[in-house]
1. Is there any pair with a first residue in region 17-37 that is assigned to a helix (DSSP H, G or I) and a second that is basic (K, R) and modelled with pLDDT of 95 or more whose Cβ atoms are under 7 Å apart and which are 6 or more apart or on different chains, and what are they?
2. Taking the conditions exactly as written (part of a loop (DSSP other than H, G, I, E, B) and surrounded by 10 or more Cβ atoms within 10 Å (Cβ to Cβ)), does A55 satisfy them or not?
3. Scanning region 38-53 for residues that are without any contact (Cβ under 8 Å) to a residue 12 or more places away in the chain and of a type in the set (A, V, I, L, M), which turns out farthest from I15 (Cα to Cα)?
Amino acid sequence: MLEMLTLIRDIVKQIVKLFDDFSPFHDAKFDDIETQVRCVMLEIGIQTVESIIRARGTGF
């Protein structure tokens, strides 16, 4: 359970950072936002898979 809470905390941090990076006060194009969101989504997916494997304890 702690593993999952840690993962959720890290995901929330990444999403908050996206919103901060692309706040209305920053000049960003749609392509910039889309590219960064896709990169963060990929990272979240990687972190999720790693967390599930660690939680299973088998490595598979």
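The values are calculated or read from the model by the stated rules, or taken from the named source; none is laboratory data. Small disclaimer: the values here were computed from a predicted structure and weren't measured. Here the Cβ is made from the backbone with ideal geometry for all residues, glycine too, and neighbour counts use every protein chain on show.
1. none
2. Numbers: part of a loop (DSSP other than H, G, I, E, B): no; surrounded by 10 or more Cβ atoms within 10 Å (Cβ to Cβ): yes.
No; evaluated as a whole, the condition is false for this residue.
3. Here is the first cut: in region 38-53, the residues without any contact (Cβ under 8 Å) to a residue 12 or more places away in the chain are 38-39, 41-42, 45-46, 49-50, 52-53.
Then drop every residue that is not of a type in the set (A, V, I, L, M), which leaves 41-42, 46, 49, 52-53.
Values: M41: 9, L42: 12, I46: 15, V49: 18, I52: 20, I53: 23 Å.
Residue satisfying both the conditions and the ranking: I53.
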